[in-house]
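As structure tokens, the structure follows; a few thoughts come after it.
The values are calculated or read from the model by the stated rules, or taken from the named source; none is laboratory data. Not measured: the values here are computed from a predicted model. Neighbour counts are summed over all protein chains in view; Cβ atoms, including those assigned to glycine, are modelled from backbone coordinates with ideal geometry. Accessible surface is based on the protein model in full, side chains and every heavy atom, while ligands, DNA and RNA are left aside. Shrake-Rupley method; radii C 1.70, N 1.55, O 1.52, S 1.80 Å.
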Amino acid sequence: MERTAIKKHTGFWYVVKSLLSGLSLTWKHFKNARNRRTPEYVTDENYFKQADGQVTLKYPYEAIPVPDNGRYRLHNEIDDCIVCDLCAKICPVNCITIESVKATEDIGMTSDGTKKRLYAPVFDIDMAKCCYCGLCTTVCPTDCLTMTPVYDFPEVDIKNMVYHFTDLTPEQAEEKKQLFAKQQEEMAAAKAAVLAARKKA
Ligand code: SF4
Ligand code: SF4
């Protein structure tokens, strides 16, 4: 009987002690939570020195900087694109769709001095399918296709995840196609005329 009373007594103080210990730990974190950690990336010198303070950031008002070599949303600087199709060919999930039209006039050069010969009536990237492998950016000869630091781009309608980078309106594309077809016809007619003249001679 006496033994049970002692046990009960010890159990009571054990519970009180552990409650106090838990409360003091909570209080310590509560006090530290008045300080905020500054948003620093894991490679920054100070990152592991900030042991205390709130670790959650008020996203989207605060965000941890992303690494330079991160793979996020793609962007195509279409003025520098030579429509070579290499990115579409290497894409493992076929999320790049390109259509090209040959220019009948001089359309200038890219910023790295590469001659442009094709228009891109369609240059679409379906970011909903993209697996962010980065292969398309590594093969791009003019470095116009890049991964941006933008990682937060949700859409309610999945169709909006398709990014359009064309340099032509549908009307302009149609016009360019017709000009190219006309040029081909004229070249074929000129060739036929030369052959006919040769036969006569
Ligand atoms: S990052 Fe990979 S999956 Fe995404 S478009 Fe480029 S090649 Fe395709
Ligand atoms: S690889 Fe680069 S230059 Fe070639 S089509 Fe793709 S984005 Fe354009």
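A few notes on this one:
- Residue pairs whose Cβ atoms lie under 7 Å apart, sitting 6 or more positions apart in sequence or on different chains, and linking a residue in the stretch 69-83 that is under 11 Å from residue 143 (Cα atoms) to a partner that is near ligand 2 (Cβ under 9 Å from one of its atoms) and small (Gly, Ala, Ser), are 78/120; 81/120.
- Condition met for residue 136 (within 16 Å of ligand 2 (Cβ to nearest atom), part of a loop (DSSP other than H, G, I, E, B) and farther than 21 Å from residue 177 by Cα): no
- Hits in the stretch 77-102 (condition: near ligand 1 (Cβ under 10 Å from one of its atoms), outside any helix (DSSP H, G or I) and surrounded by 17 or more Cβ atoms within 10 Å (Cβ to Cβ)): 91, 95, 96
- Residue, least open to solvent (accessible area, probe 1.4 Å), within the stretch 152-171, restricted to residues that are free of Cβ contacts under 8 Å to residues at least 12 places away in the same chain and within 26 Å of residue 81 (Cα to Cα): 169
- Those residues of the stretch 119-129 which are open to solvent by 20 Å² or more (accessible area, probe 1.4 Å) and either within 9 Å of ligand 1 (Cβ to nearest atom) or of a type in the set (Lys, Arg) (or both), in sequence order: 126, 129
- Among the criteria (1) more than 14 Å from ligand 2 (Cβ to nearest atom); (2) part of a loop (DSSP other than H, G, I, E, B); (3) over 30 Å from residue 178 (Cβ atoms), the one residue 112 does not fulfil is (1).
- Note on the stretch 27-76: residues that are assigned to a loop (DSSP other than H, G, I, E, B), surrounded by 10 or more Cβ atoms within 10 Å (Cβ to Cβ) and either among the aromatic types (Phe, Trp, Tyr) or modelled with pLDDT of 80 or more (or both) total 8.
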